[in-house]
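Notes follow the structure.
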Amino acid sequence: MNDYETVVTVRGRAEHFHPAERAVVHVQVGLEGPERSAVVTATTEGTAALVAGVRGLREAGPVTWFASDRLRVWADRPFNDKGEQKPLVHHASTATRVKFRVDQGADDMARWVEAASRHRGVRVDRIEWLLTDATRAGLVGEVRTRAVADARAKAATYAGALGLSDLRCTAVADEGMLGDESGSAHPSPAMAASARAGGGHQGGLSFTPEDITVSAVVDARFVAS
């Protein structure tokens, strides 16, 4: 580096908001009772009925993917309000995740959630809003490019304030990777943050697709003269 060159180190940021294209509904089927076999049978049958309805929606198009975890079975002896231990209670549960297309509306998902909620032991935990992999990849590339442009614009402003006009980049990296950072509390340089459903319908679930934030942060080093 020449004596008349000044090092300028900056951080560039960019973000983009995009309506969710997919929604993953997280559902549990859970029952309890004094007889283990009865609880296991009822939970298994309830899960099978739930999955049967999902298969029909997958063939019709609204559902793109679904999966169910293995049946969990356990037992405990609860206590009453007097501190006395009650008889053994058996529990069984399954967890199912169903991914819906919502980029053209979430009506199919809302109807399925409403119907599923009527079944015994079914609990809809949450809705996770997502982008498709292709959309997310394209947006990540776009915000990274914009973050680099933001870094260069900042560096040019600093150089101009010093009366320097010739600006040359010597390094660009993901946030915190230039080697002179004391640490960073920020998330990864490019990320797609999934949003969960807030208030609204069906016991606090909202069926309006959330906006997904895709962001990028880069560090860059320039020399100006």
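The values are calculated or read from the model by the stated rules, or taken from the named source; none is laboratory data. Predicted model only: the values in this text are computed from it and were never measured. Reconstructed Cβ throughout: ideal geometry from the backbone, glycine too, with neighbour counts over all protein chains shown. Only protein heavy atoms, including side chains, enter the accessible area calculation; ligands, DNA and RNA are left aside. Shrake-Rupley method; radii C 1.70, N 1.55, O 1.52, S 1.80 Å.
Which net charge results for the neighbourhood of VAL8, defined as the other residues with beta-carbon distances under 11 angstrom from its beta-carbon, given Lys and Arg at +1 and Asp and Glu at -1? Walk me through the numbers on the way to the answer.
On the way: positive: ARG152, LYS154, ARG168, ARG221; negative: GLU5.
Computed value for this residue: +3.
Around LEU57, with a cut-off of 15 angstrom between Cβ atoms, what is the net charge of the other residues, counting Lys and Arg +1 and Asp and Glu -1?
Numbers: positive: ARG22, ARG55, ARG58, ARG97, LYS99, ARG101, ARG111; negative: GLU59, ASP107, ASP108, GLU114.
Residues near LEU57 contribute +3 overall.
Assuming R0 = 22 Å, can you tell me the calculated FRET efficiency for the pair ALA60 and HIS119, based on Cβ-Cβ distance, to the nearest 0.05? Each step should come with its number before you reach the end.
On the way: r = 20 Å, r/R0 = 0.91.
FRET efficiency, ALA60 to HIS119: 0.65.
Could you give the longest part of the chain that holds none of the trypsin sites (Lys or Arg not before Pro) found in DSSP loops with at most 16 neighbouring Cβ atoms within 10 Å? Let's see the in-between values first.
Working: sites that count: ARG70, LYS82, ARG118, ARG120.
Longest stretch, sites excluded: 121-225.
Of the options PHE207, ALA156, GLY83, report the single residue whose Cα projects farthest towards the positive end of the charge dipole of the chain (beta-carbon charges: Lys, Arg +1; Asp, Glu -1).
Most positive-ward Cα: GLY83.
Could you give the dipole magnitude of the chain about its Cα centre, charging the beta-carbon of Lys and Arg +1 and that of Asp and Glu -1, in debye to the nearest 20?
Charge dipole, the chain, about its Cα centre: 720 debye, nearest 20.
Post the alpha-carbon centroid distance, the range 88-139 to the range 25-49, in whole angstrom.
The distance from the Cα centre of the range 88-139 to that of the range 25-49 comes to 18 Å.
Ignoring any ligand, DNA or RNA, what whole percent of the accessible area of the range 4-159 comes from carbon and sulfur when the probe is 1.4 angstrom?
Numbers: 4400 of 8940 Å².
Whole-percent figure for carbon plus sulfur exposure: 49.
Let me have the 222 nm mean residue ellipticity of the chain computed from DSSP H runs of 4+ only, each contributing -39500 (n - 2.57), with the sum over all residues rounded to the nearest 500.
Estimated from H runs of four or more residues: -10000 deg cm²/dmol.
Using a cut-off of 12 Å between beta-carbons, work out the net charge of the residues near PRO19 (Lys and Arg +1, Asp and Glu -1, PRO19 not included). Walk me through the intermediate numbers first.
Details: positive: ARG22; negative: GLU21, ASP103, GLU210, ASP211.
Once all neighbours under 12 Å are counted, the net charge is -3.
Treat every Asp and Glu Cβ in the range 1-135 as -1 and every Lys and Arg Cβ as +1, leave all other atoms uncharged, and give the resulting dipole magnitude about the Cα centre to the nearest 20 debye.
Using Cβ point charges on Lys, Arg, Asp and Glu, the range 1-135 gives about 580 debye.
Between THR6 and LEU178, what FRET efficiency follows from the Cβ-Cβ distance if R0 is 22 Å, with the result rounded to 0.05? Walk me through the intermediate numbers first.
Values: r = 17 Å, r/R0 = 0.76.
Approximately 0.85, to the nearest 0.05.
In percent, how large is the relative contact order of the chain, given Cα pairs closer than 8 Å and 6 or more residues apart? Before the final figure, lay out each step's value.
Values: 452 pairs, mean separation 78.4, N = 225.
Computed over the chain, the figure is 35 percent.
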